[in-house]
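Reading through the structure tokens given below for one structure.
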Amino acid sequence: MRLTSRLSISLIASVAVVSLAFAYAQMRASRRGLDRELGRHALVLAETLSKSAQPLLKNHSYRDLERLVDQFENREQIAGVVVLNMAGEPVAVSSRLAPRLDNYPEPVRQALQDGLTHAGFVSLGGDPLHVIAMPLRDEPLVIGVLAIFHDAAYIQQQSAALWRRALIGVAIQTFLIALITLLTIRIGIARPLKRTTEWLRELRTGTEPHASEMPQKGEFAPLTREASQLASSLREARAAAEREAHLRESAESNWTAERLRVFVRGRLGGDHLVAVSNREPYEHVHRDNTIQCRVPASGLVTALEPVLCACEGTWIAQATGDADRETVNEAGRVRVPPENNQYTLRRVWLTQEEEQGFYFGFANEGLWPLCHIAHTRPIFRSSDWEAYHTVNQHFAAAVLEEIAREESPVVLAQDYHFALLPRMVKQRRPDARVAIFWHIPWPNPEAFGICPWQRELLDGLLGADLIGFHIQAHCNNFLDTVDRSLECRIDREHFFITRDGHRTLVQPFPISVAVDHVETPIHNTELPHLERAGLLAKLGVRATYMGVGVDRIDYTKGIPERFRAIERFLENCPAYRNEFTFVQIGSPSRTHITRYQDLMQEVTEEAERINRRFQTGNWKPIVLLTRQHSHQEILPYYRTADVCVVTSLHDGMNLVAKEFVAARHDDQGVLVLSRFAGASHELADALVVNPYDVEELSQALHRALEMSPEERGIRMQRMRAVVKERNIYRWAGSLIGELCAIRTAAPRKPTLVRSVVNWP
Ligand code: G6P
């Protein structure tokens, strides 16, 4: 039986019993009242009558006595009157009573015995009567007894009527109370309970119920609170189980952000992760009287952001936004991403001189051209080197501060800006696990050997426990460079370098992009054409075919070479004039450096020259867009271009090639890719070219545009499989996994390190 029915029945029974008991008590009280009233009435009457009867009995005037009693008999409710002498013989009895009086009731007998007044209810011939027996006196003697009998049937009748009414009242009352109670239970308890049950059932079966469906007020509020908490714990547990199941399922296949999150958390086991890069992931700038937050154009930022989000660590980077100072706390920290804080960004401020010498000078006029074989001479200035050293110290001090309270922290230094930092950190914290990932190529020993501070750079790098490059060739070049310039032991089988007892592992980790796992199927093959026409129309151009290039304006990217190949293509294939337009998205970069200013001019002039040569009506061969575009702005070009052209003269990896592939959900589009970009080692289904060879490049463009949809589909599918499998999560997972597997010095008791550190 349901709880509510049981509750209702017991409530009805209780109400009925209580009401009955109450009615009975009322009936008894009223009966007692009637009894008492009758008793009082009888006593008054007996006293009055005795006053008349006494002298008549004393004088033996029995005839007068008879008359007296008969006279009283006609009074209301009097059943009869009798006068007895002391022998108990009736001397006068009213006529209606005489036949019923075969023996005397108890009160009469007692009055005869003790000479006192007695009264009580008796039954004569089955009729209920009240009798009062009062002695008649001839003082001091008792000479007889006067007994007056009252009819008491009316008391029973009145009591019965009262009892009937009470029973009807009880029935109505019970019915109403039961009805009200049932309604209250139904509305106030049964319904909320039902809602709660349904809510919990939905939760159990996996549909996401809405918390507002639960009763929110009154007695149910604590239950709702508890149930909501239970629900969120259940949700978390279910999500964790799903994640685990997903991880198990995909253990041998694709890495995802979720898998990385679980993996990194497992490997770190609570240890703190600190990433260091020059470029910050979020820059605050003043725009239109407000502070805006923007993401700088950087492959490094794209790559590292998911890692930090996954493990909630700290990212140390240079403050470059003009509103950066206004958005951090006194320790230079701000929680990011802005809408969904997941990790801490710790900003480091450099003086203008420091930035000039470190970033524009040593890093980008020295190391950048040194490592990229693009035939731009590196410039080495002692002042730049000093700034580089000083800034590495600043960042190392920031790292040491961030890890001061952490046992066995993990430090991921990024790129050629921080070659000295690994040793600076390890000298102070040998227990820290330190890796540096070199995002640009490592040249051969001869090329690197022209750097006046090559030994210091190598020594700084070898402070790390792990050094990562994009491809094996860069690892080999690094080992060769170290071999030629430093005292150390090199294990070429396992890629270890041991210097002064410290071992560094050197390994390739090909960086990549995040691939959208939710594929948007493109059924309508007309759509890309329409979207492309729309894009070109916005640029003021009409063309049937579109090529795209996306680069920082950098001399390593081979942009002038690309333009010259387009020129040659249009010379060789005049049918494509008026038909093919190449959109070059070029974001200005390192514009303080003369070489970059010159390049910007060269690129612009080349585009203008070629356009002047072929341009007709509203068609031109090259559209050059020299402003920074967001990833969202670039995506439509990736999605609709017939060909994407990457012509790096030398490149560590080149993420544009992978971004293009990741964007092609339609398995179409052709990638023309320089063989000097690290990406060409993985994307063998691109049309791989030597960007210095203008003829070859122009032919590749022609081949791309003429390629059958089937061949394009097969090539793109294969490239997408590679990019999907070797995605950014895999890069981060293997880098951190490898680093965490390295055994370092025993963890030391962390102490607070002040920001002033004396370096050797
Ligand atoms: C390219 C390189 C990265 C480098 C970045 C620096 O993306 O591949 O290794 O960190 O440029 O660019 P920036 O604009 O910060 O000088």
Single unsatisfied condition, Pro306 versus (1) away from the ligand (no atom under 16 Å from the Cβ); (2) in contact with an Asp or Glu (Cβ under 9 Å, 6 or more places away or on another chain); (3) within 24 Å of Ile440 (Cβ to Cβ); (4) not hydrophobic (A, V, I, L, M, F, W, C): (2)
Residue among Gly547, Gly540 that alone is surrounded by fewer than 14 Cβ atoms within 10 Å (Cβ to Cβ) and modelled with pLDDT of 95 or more: Gly540
Answer from Thr376, Thr320 - the residue that is in contact with a helix residue (DSSP H, G or I) (Cβ under 6 Å, 6 or more places away or on another chain), within 16 Å of the ligand (Cβ to nearest atom) and not in a helix (DSSP H, G or I): Thr376
Residue check for Phe22: touching a His at 6+ places or on another chain (Cβ under 7 Å) and either surrounded by fewer than 17 Cβ atoms within 10 Å (Cβ to Cβ) or closer than 30 Å to Arg164 by Cβ (or both): no
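Let me confirm something: among Ala677, Ala686, which residue is within 14 Å of the ligand (Cβ to nearest atom), open to solvent by less than 40 Å² (accessible area, probe 1.4 Å) and at pLDDT 95 or above?
Residue meeting the stated conditions: Ala677.
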Any pair with Cβ under 6 angstrom, 6 or more apart, that starts in region 357-381 at a residue that is free of Cβ contacts under 8 Å to residues at least 24 places away in the same chain and ends at one that is within 13 Å of the ligand (Cβ to nearest atom): Ile379/Glu365
Tabulated pairs, region 296-310, first closer than 17 Å to Asp551 by Cα and in contact (Cβ under 8 Å) with a residue 24 or more places away in the chain, second open to solvent by less than 20 Å² (accessible area, probe 1.4 Å) and assigned to a helix (DSSP H, G or I), C-beta under 9 angstrom, 6+ apart or interchain: Thr302/Ile728; Ala303/Ile728; Ala303/Trp731; Ala303/Ala732
Candidate set from region 601-656 (those that are assigned to a loop (DSSP other than H, G, I, E, B) and small (Gly, Ala, Ser)); member that is farthest from Phe469 (Cα to Cα): Gly617
Tyr388 being within 16 Å of the ligand (Cβ to nearest atom) and closer than 30 Å to Asn690 by Cβ: no
Candidate set: region 560-597, residues that are under 13 Å from Cys644 (Cα atoms) and β-branched (Val, Ile, Thr); chosen: the one farthest from the chain's Cα centre (by Cα): Ile566
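Determine whether region 51-61 contains at least one residue that is among the small types (Gly, Ala, Ser) and either assigned to a helix (DSSP H, G or I) or surrounded by fewer than 14 Cβ atoms within 10 Å (Cβ to Cβ) (or both).
Checked against the condition, which is being among the small types (Gly, Ala, Ser) and either assigned to a helix (DSSP H, G or I) or surrounded by fewer than 14 Cβ atoms within 10 Å (Cβ to Cβ) (or both), region 51-61 yields at least one hit.
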Of residues in region 395-422 being modelled with pLDDT of 95 or more and charged (D, E, K, R), the one nearest to Glu738 (Cα to Cα): Asp415
Looking only at region 422-439, and only at residues there that are over 37 Å from the mean Cα position of the chain (by Cα) and of a type outside the set (D, E, K, R), the one that is least open to solvent (accessible area, probe 1.4 Å): Met424
Unique match (being part of a helix (DSSP H, G or I) and either open to solvent by less than 60 Å² (accessible area, probe 1.4 Å) or at pLDDT below 65 (or both)) among Glu244, Glu208, Glu226, Glu236: Glu244
Residue within region 139-150 that is of a type in the set (Phe, Trp, Tyr) and either open to solvent by less than 10 Å² (accessible area, probe 1.4 Å) or within 60 Å of the chain's Cα centre (by Cα) (or both) present: yes
Number of the exception - Ala447 against (1) surrounded by 22 or more Cβ atoms within 10 Å (Cβ to Cβ); (2) away from the ligand (no atom under 14 Å from the Cβ); (3) small (Gly, Ala, Ser): (1)
Unmet criterion (only one of (1) within 16 Å of the ligand (Cβ to nearest atom); (2) surrounded by fewer than 24 Cβ atoms within 10 Å (Cβ to Cβ); (3) more than 42 Å from the chain's Cα centre (by Cα)) for Trp442: (2)
Boolean, Ile634 is surrounded by fewer than 23 Cβ atoms within 10 Å (Cβ to Cβ), in contact (Cβ under 8 Å) with a residue 60 or more places away in the chain and of a type in the set (Val, Ile, Thr): yes
Of the criteria (1) within 16 Å of the ligand (Cβ to nearest atom); (2) assigned to a helix (DSSP H, G or I); (3) in contact with a strand residue (DSSP E or B) (Cβ under 9 Å, 6 or more places away or on another chain), which one Glu401 fails: (1)
Inter-residue pairs, beta-carbon under 6 Å, first farther than 21 Å from Glu401 by Cα and in contact (Cβ under 8 Å) with a residue 12 or more places away in the chain and in region 274-289, second assigned to a strand (DSSP E or B) and within 16 Å of the ligand (Cβ to nearest atom), 6+ apart: Glu283/Arg294
Residue selected from region 646-662 under the condition within 36 Å of the chain's Cα centre (by Cα) and either over 15 Å from Arg715 (Cβ atoms) or open to solvent by 10 Å² or more (accessible area, probe 1.4 Å) (or both), by the criterion farthest from the ligand (Cβ to nearest atom): Ala662
Odd one out for Glu354, checked against (1) assigned to a loop (DSSP other than H, G, I, E, B); (2) surrounded by 15 or more Cβ atoms within 10 Å (Cβ to Cβ); (3) not small (Gly, Ala, Ser): (1)
Which listed residue, of Glu659, Glu695, is in contact (Cβ under 8 Å) with a residue 40 or more places away in the chain, within 13 Å of Asp551 (Cβ to Cβ) and out of contact with any Asp or Glu (no Cβ under 9 Å at 6 or more places or on another chain): Glu659
Failed item, numbered, when Asn254 is tested on (1) within 16 Å of the ligand (Cβ to nearest atom); (2) in contact with a helix residue (DSSP H, G or I) (Cβ under 8 Å, 6 or more places away or on another chain); (3) open to solvent by 40 Å² or more (accessible area, probe 1.4 Å): (1)
Candidate set: region 279-297, residues that are more than 28 Å from the chain's Cα centre (by Cα) and either of a type in the set (Lys, Arg) or surrounded by 22 or more Cβ atoms within 10 Å (Cβ to Cβ) (or both); chosen: the one nearest to the ligand (Cβ to nearest atom): Arg279
Criterion: under 28 Å from Glu659 (Cβ atoms) and either within 16 Å of the ligand (Cβ to nearest atom) or surrounded by fewer than 22 Cβ atoms within 10 Å (Cβ to Cβ) (or both) - qualifying residue of Val276, Val348, Val328: Val276
Top-ranked residue of region 550-583 - restricted to ones that are among the polar types (S, T, N, Q) and either crowded, with 18+ Cβ neighbours inside 10 Å or at pLDDT below 95 (or both), ranked as farthest from Met707 (Cα to Cα): Thr556
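The values are calculated or read from the model by the stated rules, or taken from the named source; none is laboratory data. Bear in mind the structure is a predicted one, so any value in this text is a computation, not a measurement. Cβ: placed from backbone, ideal geometry, glycine included. Neighbour counts: every protein chain shown. What goes into the accessible areas is simple: the full protein's heavy atoms, side chains included, and nothing from ligands, DNA or RNA. Shrake-Rupley method; radii C 1.70, N 1.55, O 1.52, S 1.80 Å.
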